[in-house]
C-alpha cells in the first residue's frame with residue numbers, strides 16, 4: 001500500500017470527527033462555556049503575575065467540575081461531594097481562608113495558598129503539583145467571577161504576633177476560653193469532635209448545612225497546618241460560614257492559648273511539638289514562605 | 001487515572017507466529033537450548049500487555065478527567081502526584097471508610113474500531129495450501145475491517161489510609177484474560193513519601209508510560225524500543241512489559257524528584273515461575289524543573305539489569321526429556337540503559353517526549369546458545385541503540401494532536417554473517433484524539449491514527465503480516481490506520 005493511499009484513508013476519520021463535533025450537544029461540552037462577571041484580571045503574588053486568560057484554560061481543565069462554568073459552585077460534581085460540603089461560589093466574593101479581616105476580600109497570596117494547600121477534609125484537593133505560575137493564573141481568573149475584585153481592595157493582613165510559650169498553663173487558659181468564655185463547644189463540641197449542640201443547625205451563606213470542624217481526627221486545619229495558621233483562622237474567621245472572627249474579642253495571647261488547647265484535642269498531640277504531618281509542614285512552607 | 005492499553009493484543013496471534021519462527025534457527029543445533037526454548041515457548045504464547053483505563057478515581061473525588069490527565073490516559077503532574085501518593089489526594093478523606101459504601105472503584109475500557117493493516121514483502125504461497133508447484137511469492141498483505149480492542153477491567157484504590165492496591169484483569173480481543181497487574185502498595189512508610197513499597201505485578205516506573213500513551217494502532221500502539229530484541233535473540237524482555245516483584249520508590253511533595261528501585265523475578269512478568277530463578281533490577285531517577293514560560297520539564301535516567309537462563313534442566317523419568325519449570329540454569333546477563341524526558345513548551349500546550357536506550361545482550365542470549373555449549377564462530381554480544389521523539393499538541397483539554405518518530409539501529413550484530421542493518425527499525429505515527437465531553441463519570445475519545453514501521457529482515461513488532469519477512473535483507477513496511485471510539489466508564 002502506498003503512503004498516499006493510507007493518508008487518504010485517514011481522511012474518513014477527519015470527516016467523522018467533523019460530523020460528531022457538529023452533532024454533539026453543546027450542553028455536553030462542559031469546557032466550552034465559562035462565564036465571568038468582569039474583564040481580564042491579574043494577580044500578584046511575590047514576583048509572579050497571574051493572567052486570567054491563561055487561568056481560564058486551567059480553570060476549565062481542573063476546577064470546572066466542582067465550581068462550575070459560572071464559578072457559582074454548581075459544577076456537575078457539587079451534589080456528590082463528601083459530607084455535602086459545597087464548592088466555593090466565587091461570584092459572591094466571600095472566601096474562608098484569608099489573612100485579612102472578616103468581610104474583606106482576600107489577598108491574592110491567600111487565594112494562591114488555598115489553591116496550593118487545598119481544604120483538608122473537603123473535596124478541594126491540594127493543587128500544589130501545579131506550577132506556581134499556573135496557580136497565579138488561576139487566582140487571576142477566579143477573581144473575574146466576582147465584581148467585588150474590581151470594586152474593592154483587600155484590607156491589610158491582620159498581625160500575626162510571635163507565638164507564646166506552649167505550657168500547661170496556656171493550655172488551661174485556652175480551655176477556659178473554649179469551654180466557657182467563647183463557648184466554642186457549642187459548635188465544635190466539648191471534646192472538639194464537631195458535635196456541639198448547635199452543630200446540626202449550622203448553615204453556610206448559601207443555606208447549605210455545614211459541619212463544624214472536628215479537631216480530633218484531622219492532621220491539619222482547613223486553612224493551614226501550623227499553629228500560626230490556626231491562630232489566623234481564629235482572628236479572621238471563615239467568611240461564608242458560621243465561624244466568626246475573634247480578633248475584636250480576644251487578645252493575641254488568648255489566641256495562642258486557644259491554639260495550644262486545641263492542639264491537645266488532637267489524638268497524637270505532644271506538648272511543644274507541632275502536630276502537622278511532614279507533608280503539611282512542607283506545603284505550608286512552600287505555599288506561604290517561598291514567594292514572599 | 002486512566003491507564004492505557006496497547007492494541008498489541010489485538011494481533012497477538014500473528015506476533016506469536018513471528019516468535020515461533022525465530023526459535024527454529026540456531027536452537028535446533030543445540031539440544032539443551034532446544035529443550036530450553038521449547039519450555040519457554042508457552043511463555044510467549046500468552047497475551048502481552050494491555051491498555052488500562054479508569055474513571056473510578058474521578059468518580060471518587062469528583063474531578064474531571066482533565067484534572068489528572070493531559071489527555072487521558074496520559075498523566076499530568078497532578079495525576080502523577082496522586083499516583084505516587086498511592087491513589088490519595090492526601091486530604092484526610094482518602095481512606096475507604098469515608099466513601100459511600102456503594103462506591104466501587106472499578107472501570108471498564110474497550111475500543112470498538114475499524115482498522116486497516118498492510119505489510120509489504122510477505123512470503124505468500126503462489127498456490128493456496130502450498131505444496132506441488134507452489135512457490136513463495138513476495139507480496140503485500142492487506143487486511144481491514146471492524147474490530148474490537150482488548151478489554152480492561154481495572155479496580156484500584158485504597159484499602160486503608162496509606163495502603164493502596166490495583167488489580168487489572170485484562171482480556172485480549174478474543175476474551176482470553178490474564179492479570180495485567182495486581183499489587184498492594186504500602187504508602188508513605190514511616191510518614192515519609194520517600195518510602196513506598198509495592199509488591200506484586202506492576203508496570204515498571206518508566207518516565208514515559210506505554211500504558212498511558214495516546215496511540216492505539218497496531219504499529220503505533222507500542223513503543224518499538226520498549227519491546228525490541230535482536231533477530232535470533234532469546235531474551236524476551238521488554239521494558240514495556242509489566243513485571244513481578246517488589247518496588248521501592250519515593251518522591252518529593254510535588255513529585256518533581258522521583259526514584260524507584262525494583263527487584264523483579266526474571267520471568268518476563270509471567271506467573272507460575274515458568275523458567276528462571278534469578279532476579280532483575282530496575283533503577284530509575286527523574287528530576288523536574290519548573291520553567292515558567294514553558295511549563296514543567298522533566299528529565300530522567302533508567303537502567304534495567306538482568307539475567308536470563310540459557311539451559312533448561314530436564315527430567316526423562318516419563319521416557320522423554322521434559323523441562324523442569326522454574327529451574328533453568330546457565331544464566332547470562334543483559335541490560336538496557338538510557339534516559340528520557342517529558343518537556344513542555346507554550347505553557348504546557350506542546351509536549352515533547354524524547355527517549356533513548358542502549359541495549360546489550362550477552363552473546364549466548366543473542367545466539368540462543370546454551371551456556372554449556374560453545375559459541376558458534378563469529379559470535380558477538382548484540383548491541384543496539386534506540387529512541388524516539390514523541391510530541392503532543394493540546395489544542396484544548398478535549399482535543400490533542402499526536403506524532404512520533406522512532407528509530408532503532410543495531411550497533412553490533414550477534415553473528416558476523418548478519419547484514420549490518422539486520423533488525424533496524426524506523427517507525428512513524430500521527431493522529432489525534434477528540435474528547436467530546438469531559439465529565440468525571442466516564443470518558444469517550446474519538447481516536448484516529450495512522451502509523452507505519454519499517455523493519456529490516458524481520459516481521460513488524462506489531463505482529464502484522466505473516467510473521468516473517470520475504471527476504472532477510474528486505475525492508476518490510478507495515479502500515480496501520482485506525483478509527484475508533486475509546487471509552488471507559
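A short reminder: the numbers here are calculations on the coordinates, not readings from a lab. Computed from a predicted structure; not experimentally measured. Backbone-built Cβ (ideal geometry, glycine too); neighbour counts: all protein chains shown.
Per residue of peptide B:111-122, the mean number of Cβ atoms on other chains within 10 Å of the residue Cβ is 1.
Taking every alpha-carbon pair under 8 Å whose residues sit at least 6 apart, the stretch A:42-151 reaches a relative contact order of 38 percent.
Between 0 and 90 degrees, the angle of helix B:12-23 with respect to the longest Cα principal axis of chain B falls at about 40 degrees. Restricting the calculation to Cα atoms, every distinct pair contributes to the Kirkwood radius of the stretch A:106-253, found to be 17.1 Å.
Neighbour counts of other Cβ atoms within 10 Å put B:68, A:223 in the fewest-to-most order A:223, B:68. A crude spin-label estimate for the pair residue B:176 and residue B:136, with each label 7 Å from Cα along the Cβ direction, gives 2.5 nm. Here, P(r) means the percent of Cα pairs in each 10 Å bin from 0 to the largest distance; for the stretch A:42-151 it is 16, 51, 31, 2.
Hull volume per residue, based on the alpha-carbon atoms of the stretch B:395-445 and their convex hull, is 117 Å³. Calculated over the stretch B:231-301, the projected area of the Cα convex hull averaged across directions stands at 6.8 nm². Entry note, the stretch A:106-194: relative contact order of 16 percent, from Cα contacts under 8 Å with a spacing of 6+ residues. How far is helix B:31-45 tilted, in degrees, relative to the longest principal axis of the Cα atoms in chain B, given as a value from 0 to 90 rounded to the nearest 10? It works out to around 40 degrees.
Remark: the stretch B:7-488 is approximated by an ellipsoid whose semi-axes, taken from the C-alpha gyration tensor as √(5λ), come to 37, 27, 21 Å, largest first. Rounded if a/c is under 1.5, else prolate if a/b is larger than b/c, else oblate: which is the stretch B:65-184, with a ≥ b ≥ c the root eigenvalues of its Cα gyration tensor? Prolate, since a/c reaches 1.5 and a/b exceeds b/c. Label zone (residue A:162, point 7 Å along Cα-to-C-beta; backbone nitrogen cut-off 15 Å) within the stretch A:242-259: A:253. The ranking of B:252, B:316, A:146 by Cβ neighbour count inside 10 Å, starting from the fewest, reads B:316, B:252, A:146. When you restrict to C-alpha pairs under 8 Å that are six or more residues apart and normalise by the size of the stretch B:7-488, the relative contact order lands at 18 percent. Of the residues B:249, B:90, the one with the fewest other Cβ atoms within 10 Å heads the list, and the complete ranking is B:249, B:90. Can you bin the stretch B:124-200 into rounded, prolate or oblate? Criterion: square roots of the alpha carbon gyration tensor eigenvalues sorted a ≥ b ≥ c, rounded for a/c under 1.5, prolate for a/b above b/c, oblate for the rest. Prolate is the answer for the stretch B:124-200, as a/c is 1.5 or above and a/b outweighs b/c. Could you check how many percent of all C-alpha pairs in the stretch B:175-299 are farther apart than 22 Å? When every Cα pair of the stretch B:175-299 is considered, 46 percent fall beyond 22 Å.
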